[in-house]
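Heads up, the thing below is written out as structure tokens.
The values are calculated or read from the model by the stated rules, or taken from the named source; none is laboratory data. The structure displayed is predicted, hence computed values, not measured ones. Cβ atoms come from the backbone with ideal geometry, glycine included; neighbour counts cover every protein chain shown.
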Amino acid sequence: MENLIHNVPFMLALTLGSYLLGVWVKKKSGLSLLHPFLICIPVIAAVLKFTGTSVQFYIGANKMIDFLLGPSVVSLGLLMYDHLETIRKHLLSILASVFTGSLVGVGSVYFLCRFFGLDDLFVRSMEAKSVTTPIAMDITASLGGDVSLAAVTVILCGFIGTVFGPLIIRMFHIETPVAKGLALGCCSHGLGTSKAIELGAVEGAVSGLAIALMGIMTAVAVPLFNMIFPI
């Protein structure tokens, strides 16, 4: 029985199956809150716990899916190329928006942590919440924060932005595709970009660009912000 479970095909099936289950639940319920991401994580965690499978083995077994993330990022580049003229037209607005978003992302964590009296470790671990997980983990490690807490924070921000971002966009009657893409890309990185692509091609292209720019600007903004407001 153990050989049937502790193998690469079963782990791959677990990943894909739990995600498809999440998609099915969302479609059946019609609730945007029930994002497939929210469904598949507890399902995978429960199966690993029940079968006594280590997280390290699960990660190793899913290297194929991890590898496919590379081509998926390249596909965003092709999407951006298709809408290069639109990006050029709004380049100044895009740069200004991402710069503002990076400062707000870092500053909001600092001041909210100070307001609620949280330990400095939380500040160091959550300042890079608005960028993709690998970049956030590197920034957090350089600050001496908790890398695991940083990863959880990034995932949580991505989920919240993906679920509530479109609702906020409709609430404030934001109609410009570039603005929609910037909002989702700056706040919710990869998950937000997947939602932006659902909204439209321009939204997806701008959101993909926002991910890259947000990573660069946040990597610069965090140390500069901490020089002005020492932790």
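Given the options Ser75, Ser130, name the one that is assigned to a helix (DSSP H, G or I) and either small (Gly, Ala, Ser) or under 18 Å from Gly190 (Cα atoms) (or both). Break it down into steps so the answer makes sense when it comes.
Numbers: Ser130 fails: assigned to a helix (DSSP H, G or I).
Of the residues listed, the single one that is assigned to a helix (DSSP H, G or I) and either small (Gly, Ala, Ser) or under 18 Å from Gly190 (Cα atoms) (or both) is Ser75.
Restricted to the range 150-177, and to residues that are buried (at least 21 other Cβ atoms within 10 Å of the Cβ) and among the polar types (S, T, N, Q), which residue is modelled with the highest pLDDT? Filtering the range 150-177 for residues that are buried (at least 21 other Cβ atoms within 10 Å of the Cβ) and among the polar types (S, T, N, Q), the one modelled with the highest pLDDT comes out as Thr153. Among the residues making up the range 111-134, those that are crowded, with 21+ Cβ neighbours inside 10 Å and either touching a residue at least 40 places away in the same chain (Cβ under 8 Å) or within 19 Å of Thr162 (Cα to Cα) (or both) are Val123, Arg124, Met126, Glu127, Ala128, Lys129, Ser130, Val131.
When the residues of the range 28-82 are filtered to those that are of a type in the set (S, T, N, Q) and farther than 22 Å from Gly161 by Cβ, which remaining residue is surrounded by the fewest Cβ atoms within 10 Å (Cβ to Cβ)? The residue in question is Gln56.
Can you name the residue in the range 68-118 that is among the β-branched types (Val, Ile, Thr) and out of contact with any Asp or Glu (no Cβ under 9 Å at 6 or more places or on another chain) and is also modelled with the lowest pLDDT among such residues? Restricting to residues being among the β-branched types (Val, Ile, Thr) and out of contact with any Asp or Glu (no Cβ under 9 Å at 6 or more places or on another chain), the top hit is Val73. Scanning the range 31-47 for residues that are of a type in the set (Gly, Ala, Ser) and closer than 18 Å to Phe159 by Cβ yields Ser32, Ala45. Against the definition (crowded, with 19+ Cβ neighbours inside 10 Å and either assigned by TED's automatic domain parsing to the domain that holds Tyr81 or in contact (Cβ under 8 Å) with a residue 60 or more places away in the chain (or both)), how does Val147 come out, yes or no? Considered against the rule, which asks whether it is crowded, with 19+ Cβ neighbours inside 10 Å and either assigned by TED's automatic domain parsing to the domain that holds Tyr81 or in contact (Cβ under 8 Å) with a residue 60 or more places away in the chain (or both), Val147 comes out as no.
For (1) aromatic (Phe, Trp, Tyr); (2) crowded, with 24+ Cβ neighbours inside 10 Å; (3) modelled with pLDDT under 90; (4) outside any helix (DSSP H, G or I), each residue gets a yes or a no:
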| site | (1), (2), (3), (4) |
| --- | --- |
| Ala179 | no, no, no, no |
| Ser188 | no, yes, yes, no |
| Ser194 | no, no, yes, no |
| Gly204 | no, yes, no, no |
